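The values are calculated or read from the model by the stated rules, or taken from the named source; none is laboratory data. In this text the structure is predicted, and so the values were computed from the model without any measurement. A quick note on method: Cβ atoms are made from the backbone with ideal geometry, for glycine too, and the neighbour counts reach across all protein chains shown. These area figures cover heavy atoms from the full protein model, side chains too; ligands, DNA and RNA do not enter into them. Shrake-Rupley method; radii C 1.70, N 1.55, O 1.52, S 1.80 Å.
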Amino acid sequence: MMRLPPFTYLAPRGVDEAVRLLEEHGPAAMVVAGGTDLYPNMKRRQFEPTVLVGLRGIKDLGAVGGSVRDGLTIGAGVSLTRVSREPDVATHYPALARAAALVSTPQLRNMGTLGGNVCVDTRCNYYNQSYEWRKSIGFCMKKDGDICLVAPGSSRCWAVSSSDTAPVLWSLGADVTLAGPAGARRVPIAALYQDDGIRFLRKAPDEIVTEIRLPPVDGWRATYWKLRRRGAFDFPVLGVAVAVRLEGDVCRDARIVLGAVASTPREAPEAAGCLVGERLTPEVITRAAAAAAGPSKPLDNTDLVYHYRKRMTRVYVARALRELAGLPPSAERDVWPPGMTARAIEERG
Ligand SMILES: Cc1cc2nc3c(=O)[nH]c(=O)nc-3n(C[C@H](O)[C@H](O)[C@H](O)COP(=O)(O)OP(=O)(O)OC[C@H]3O[C@@H](n4cnc5c(N)ncnc54)[C@H](O)[C@@H]3O)c2cc1C
Ligand code: SF4
């Protein structure tokens, strides 16, 4: 059994106090919210903080406020269960409710928070392993080593952004508020991420995500499709968030954001461009879905072979768009064809 290393737990009552504690303890400290990602990572010695600043006692982080007309705010400490069931979210931002409901298991959704999901660590088959396992292969640059075992010649880490809610929040045009020693600042969620498996968050270590703000619905409709091995629970190996703004049956604006295909959620602007000014006919959808596969560049470092995950981008984007267009699900295959090898899939493209 893997055990947690010893650490000191600090329980601030307010955001200012939490920020002060993070600043005071520097690199020794980390924030913990629900702990559903951080504690397993600490057991595997992927993170080794000696001080944890717990957010659970900060009441302000647990509030849902604002309105659908002016924009809804969700505290970073709101549980994923509540996000998935909150009436305004479920009714007006159903893609977010769906993504939250698809994260891991009921127990982990009860503990896990929206803020923790937005900041969840990137993942890789060579990294999400016990200390002994990682040691046996000489470690890698994300922790304790100096090379990338997926791309040995690479100077960067390619671990995969594996948050279910991040692509949806990006497609909805959400903002996050960050509180730090210099005060609070609000940034578009797209600006919170960068394509680097180690430094995947563009924020200082002593900045805390305090709230996520969803813009007014304003005619936008969105959905989220998740590919994973087990339907009961599993991290995404592909997440597809699609948002469209329709006027009548003509698409006036669109955003397509892919999860689990890079170290950051990745937008597919060319695919979205195929939709603008068009009716969502099966032909337009097929064209946009094909364009969405371009920026989808999974590597061989998560579950299911990467050629398949890339192929499934097209299939899942088409399915998401068909759902938003009110068309019946397409007959496109999403199961591994019997007897087909990964090489055959790759050769067929
Ligand atoms: C078996 C299993 C299955 C899982 N499946 C999924 C899945 O399918 N999809 C998915 O998205 N996730 C999955 N997870 C990961 C995790 O449960 C969720 O991402 C969860 O939402 C994390 O939230 P938390 O509050 O528990 O975060 P924590 O574990 O408390 O924190 C996660 C990280 O975010 C930082 N952090 C937390 N809150 C803040 C904040 N407010 N500001 C700044 N930094 C912060 C922490 O320092 C830490 O680095 C799974 C985990 C397990 C163990
Ligand atoms: S992508 Fe490379 S450096 Fe990053 S976790 Fe995987 S093996 Fe390690």
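Would you pick out the residues in the stretch 125-142 that are within 16 Å of ligand 1 (Cβ to nearest atom), closer than 13 Å to Arg45 by Cβ and surrounded by 14 or more Cβ atoms within 10 Å (Cβ to Cβ)? Within the stretch 125-142, Tyr127, Asn128, Gln129, Lys142 meet the criteria.
Is there a residue being outside any helix (DSSP H, G or I), open to solvent by less than 10 Å² (accessible area, probe 1.4 Å), closer than 25 Å to Pro205 by Cβ and near ligand 1 (Cβ under 9 Å from one of its atoms) anywhere in the stretch 104-112? Yes; the residues of the stretch 104-112 include at least one that is outside any helix (DSSP H, G or I), open to solvent by less than 10 Å² (accessible area, probe 1.4 Å), closer than 25 Å to Pro205 by Cβ and near ligand 1 (Cβ under 9 Å from one of its atoms). Within the stretch 148-164, does at least one residue satisfy the condition of being under 30 Å from Thr73 (Cα atoms) and either modelled with pLDDT under 95 or in contact with a helix residue (DSSP H, G or I) (Cβ under 8 Å, 6 or more places away or on another chain) (or both)? Yes, because at least one residue in the stretch 148-164 is under 30 Å from Thr73 (Cα atoms) and either modelled with pLDDT under 95 or in contact with a helix residue (DSSP H, G or I) (Cβ under 8 Å, 6 or more places away or on another chain) (or both). Only a single item in (1) within 23 Å of Ser104 (Cβ to Cβ); (2) among the polar types (S, T, N, Q); (3) within 12 Å of ligand 1 (Cβ to nearest atom) is not met by Thr177, and it is number (1).
Scanning the stretch 143-166 for residues that are within 16 Å of ligand 1 (Cβ to nearest atom) and part of a loop (DSSP other than H, G, I, E, B) returns Cys157, Ala159, Ser161, Ser162, Ser163, Asp164.
For Leu149, the conditions (1) more than 14 Å from ligand 2 (Cβ to nearest atom); (2) in contact with a strand residue (DSSP E or B) (Cβ under 6 Å, 6 or more places away or on another chain) are fulfilled apart from (1). Limited to the stretch 244-263, what total is found for residues that are under 16 Å from Thr165 (Cβ atoms) and surrounded by fewer than 24 Cβ atoms within 10 Å (Cβ to Cβ)? Of the residues in that region, 1 qualify. Those strands (runs of 3 or more DSSP E) of the stretch 1-84 in which at least 1 residues are in contact with a helix residue (DSSP H, G or I) (Cβ under 7 Å, 6 or more places away or on another chain), considering only elements entirely within it, cover 8-10, 29-32, 51-54, 71-75. Just one of the listed residues (Gly231, Gly197) is under 27 Å from Val120 (Cβ atoms), modelled with pLDDT of 95 or more and part of a loop (DSSP other than H, G, I, E, B), namely Gly197. Taking the criterion of being of a type in the set (Lys, Arg), touching a Gly at 6+ places or on another chain (Cβ under 9 Å) and farther than 20 Å from Pro12 by Cα, the only residue of the stretch 47-100 that qualifies is Arg82.
Ile212 passes every criterion in (1) more than 30 Å from Val276 (Cβ to Cβ); (2) within 16 Å of the chain's Cα centre (by Cα); (3) away from ligand 2 (no atom under 16 Å from the Cβ) apart from (1). Every condition in (1) within 16 Å of ligand 2 (Cβ to nearest atom); (2) more than 19 Å from the chain's Cα centre (by Cα) is met by Asn41 except one, and the failing one is (2).
Residues in the stretch 56-74 that are more than 9 Å from ligand 1 (Cβ to nearest atom), touching a Leu at 6+ places or on another chain (Cβ under 7 Å) and either of a type in the set (Phe, Trp, Tyr) or open to solvent by less than 30 Å² (accessible area, probe 1.4 Å) (or both): Gly71, Leu72, Ile74. Residues that are outside any strand (DSSP E or B) and more than 8 Å from ligand 2 (Cβ to nearest atom) were ranked within the stretch 113-124; the one that is surrounded by the most Cβ atoms within 10 Å (Cβ to Cβ) is Leu114.
Okay, residues lined up against (1) without any contact (Cβ under 8 Å) to a residue 40 or more places away in the chain; (2) among the aliphatic types (A, V, I, L, M):
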position	(1), (2)
Cys274	yes, no
Val284	yes, yes
Ala290	yes, yes
Leu299	no, yes
Met312	no, yes
Ala320	no, yes
